[in-house]
Amino acid sequence: MSLLVVGLSHRSAPVSVLERAALHADAQIKLLQDTVAAEPAAEAAVLATCNRIELYADVDKFHAGVAELSTLLAQHSGVGLDELTPYLYVHYEDRAVHHLFSVACGLDSMVVGEGQILGQIKDSLAKAQDLHTAGRLLNDLFQQALRVGKRAHSETGIDRAGQSLVTFGLEQLAAGASGGEVAEWARGKKALVIGAGSMSSLAAATLVRAGVAEVVIANRTAERADRLAEILNEGASSGSGDGDVVARAVPMDAVPGELTRADVVVSCTGATGLVLTGEAVAAAVGAGVAQPGAGGVPSRFGSGAAQAARLPAGSADDDNCPLDLNTPGFSVLGEAAVAGMAAAELEQHAAWVDNAPRPQGTGSVVDEAEAIAALAAAAAAGVRIPERRRPEPLAAGPEPVLFLLDLAMPRDIDAAVHRIAGVRLVDIESLAEASADAPMAADVDQVRRIVADEVAAFGAALRAAHITPTVVALRTMAADVVAMEMARLEGRLPGLDDKQRGEITQTVKRVVDKLLHAPTVRVKQLAAEPGGAGYADALRTLFDLDQETVAAVSRAEDSNTNEEDRGPA
């Protein structure tokens with residue numbers, strides 16, 4: 001059996017593909033179960049994060065394993081195999097070990113050196129253990145990956161090279177304001193955190209430390225939101241945070257109202273659809289404009305800017321557009337809204353955009369007719385329409401008054417909101433672009449050396465362990481031979497007393513042990529070297545060992561190992 005990993009990440013696939021391929025919790029469970037039920041795989045584990053989806057398996061055939069794992073990933077992600085295949089990478093045996101160890105150290109992360117991946121690897125192992133899909137190989141591999149990752153963080157300065165995705169995202173939001181310092185930018189702001197999972201909890205705690213005045217937690221499960229708010233308040237009152245911070249929990253249906261009060265929004269949920277639509281964000285930042293002087297929530301902008309923030313859906317000339325512009329969350333200004341449309345519909349939509357009336361009080365809206373026409377040409381050529389989006393330059397438009405950080409995969413916030421005046425959006429895609437230019441710390445080279453050493457040691461241990469059942473079977477056979485010969489001696493010399501019988505038995509055992517010691521020690525050493533797997537076969541052939549006996553020893557060891565490893569990683 002051999003280790004195989006098939007997956008895709010931010011390094012191999014665009015965010016739009018990662019977003020569509022994201023696996024929710026139930027899909028991960030079904031994927032694990034179906035993988036071990038498939039013929040080539042004996043063990044399986046899934047590592048699914050916001051920027052990677054990887055399926056690890058112990059397989060007996062490489063090509064069949066790659067085909068089966070790729071098919072299963074496509075089946076459970078809902079992305080067609082033909083579309084998914086160009087973005088998949090495959091690692092086998094030592095390269096697969098090297099890949100996971102690099103991931104555990106943060107070398108393959110979007111933000112190099114981030115430590116959150118260790119918790120995600122631990123969770124992946126725990127899930128595989130709970131479902132009994134992790135055997136000896138994956139238990140050993142993932143636990144060693146955790147140790148390697150911890151070693152890298154303790155022995156090097158890799159932490160200085162990177163930071164958590166939350167911290168990096170907040171730094172991107174703060175860029176261009178208050179000198180780019182998160183603490184200065186966040187001080188006194190009101191924050192809304194949507195979700196109460198590990199990433200959202202980290203975001204809330206980070207915002208509290210940065211000095212926000214208020215944190216509101218919205219979550220579908222009220223108990224988790226209440227608990228997180230309680231923890232944040234306890235931390236603030238104990239002096240570990242800003243004593244003036246107030247944290248409170250609200251239900252998800254309160255988000256639209258809280259959005260009008262918030263300065264910063266961080267969203268990271270497991271929702272399969274949008275949590276914040278462009279329409280909802282536009283309504284929040286333009287609150288009170290439609291009824292000036294009515295005593296509602298004050299507008300964040302002047303009236304002209306607020307009108308520019310509104311989406312032009314529902315214009316009087318809707319009849320000439322093939323789309324239902326009144327669909328909640330639809331934005332004519334966002335290419336996400338037209339991705340995947342037929343070429344003819346795209347051309348009709350492009351013409352509508354080109355001739356659409358401009359909002360009053362503004363110079364113009366972004367004219368996307370040319371871009372949509374290009375999309376139409378791509379669709380006509382049979383090319384899948386991607387979602388192409390870039391953040392607005394910081395200098396363009398009014399100073400942002402609503403900052404949005406979307407850390408979810410698939411995304412929680414409509415990508416079109418980055419075109420709304422006064423809104424600054426940072427999401428996984430823009431973080432990937434920003435991190436591509438981030439400088440690498442000198443410590444990264446040291447971590448790479450650690451990974452290389454650990455991969456070599458793990459490979460040697462794995463190869464040595466591969467021959468252990470054969471050595472055990474050989475010694476078992478030798479013990480059986482000694483027992484049979486002593487039984488024969490007992491029949492020929494019935495007058496032996498217990499002392500004499502014991503001395504003869506010990507002598508025969510010592511002779512056998514001395515004869516077997518050198519070859520078994522040497523064969524373990526040879527098996528630990530690259531290409532040493534064949535020594536187990538040679539030993540079985542030379543001593544005519546029964547293959548089923550060897551397999552029985554291996555199964556017994558795997559059973560004992562699995563029971564020992566069933567606890568927390």
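The values are calculated or read from the model by the stated rules, or taken from the named source; none is laboratory data. All values derive from a computational prediction rather than experimental measurement. Reconstructed Cβ throughout: ideal geometry from the backbone, glycine too, with neighbour counts over all protein chains shown. Just the protein is used for accessible areas: all its heavy atoms, side chains included, with ligands, DNA and RNA removed. Shrake-Rupley method; radii C 1.70, N 1.55, O 1.52, S 1.80 Å.
Can you grab the distance from the C-alpha centre of region 24-78 to the C-alpha centre of region 444-502, Å, no decimals?
Value for the Cα centre distance between the two parts: 35 Å.
Using the per-residue mean of other Cβ atoms lying within 10 Å as a proxy for protection, in what order, highest first, do the peptides 30-37, 489-496, 219-226 fall?
30-37, 219-226, 489-496
Modelled label-to-label distance, residue 480 and residue 20, 7 Å Cα→beta-carbon offset: nm?
5.8
Once ligands and nucleic acids are excluded and a 1.4 Å probe is used, how much of residue 535 is accessible, expressed in Å² to the nearest 10?
Only protein atoms counted, so the area is about 90 Å².
Name the long-range amide H neighbours of residue 265: under 5 Å, sequence gap of 5 or more, or other chain; modelled H, no Pro or chain starts.
Close amide H contacts, sequence-distant or interchain: 192, 403, 404, 405.
If Lys and Arg each add +1 and Asp and Glu each add -1, what is the summed charge of the other residues whose beta carbon sits under 10 Å from the beta carbon of residue 61?
Net charge in that neighbourhood comes out at -3.
Using θ = phi - 60° and the Karplus curve 6.51 cos²θ - 1.76 cosθ + 1.60, what whole-Hz ³J(HN,Hα) does each residue of region 140-157 get, with Gly and Pro shown as x?
So the J values, rounded to whole Hz, are 4, 4, 5, 5, 5, 4, 5, 5, 5, x, 5, 4, 4, 6, 8, 9, 10, x.
Residue by residue through region 13-18, which ³J(HN,Hα) values in whole Hz follow from phi under the Karplus form 6.51 cos²θ - 1.76 cosθ + 1.60 (θ = phi - 60°), with glycine and proline marked x?
So the J values, rounded to whole Hz, are 9, x, 4, 4, 6, 4.
Residues with beta-carbon under 14 Å from that of residue 23, excluding residue 23: net charge, scoring Lys, Arg +1 and Asp, Glu -1?
-1
Once phi is turned into θ = phi - 60°, what whole-Hz ³J(HN,Hα) does the Karplus curve with 6.51, -1.76 and 1.60 give for every residue of region 59-67, x standing for Gly and Pro?
10, 9, 9, 5, 5, 5, x, 4, 4
Please list 497-510, 45-58 highest first by mean number of surrounding beta-carbon atoms within 10 Å per residue.
The peptides rank, most packed first, as 45-58, 497-510.
Please give the contour-minus-distance gain from residue 461 to residue 518: 0.36 nm per residue of separation, less the Cα-Cα distance, rounded to one decimal in nm.
Length gained, residue 461 through residue 518: 18.6 nm.
Taking amide H positions as placed in the peptide plane 1.01 Å from N, state which residues far from residue 246 in sequence (5 or more) or on other chains have amide H under 5 Å from it.
HN-HN under 5 Å from residue 246: 214, 215.
Among 206-215, 73-82, how do they line up by average Cβ neighbours within 10 Å per residue, starting with the highest?
Those peptides, ordered most packed to least, come out 206-215, 73-82.
Just grab the label-to-label distance for residue 499 and residue 71, each label 7 Å out from Cα along the Cβ direction, in nm (one decimal).
7.2
What does a probe at residue 449 reach in region 99-113, counting residues whose amide N is under 18 Å from the point 7 Å along Cα→Cβ?
102, 105, 107
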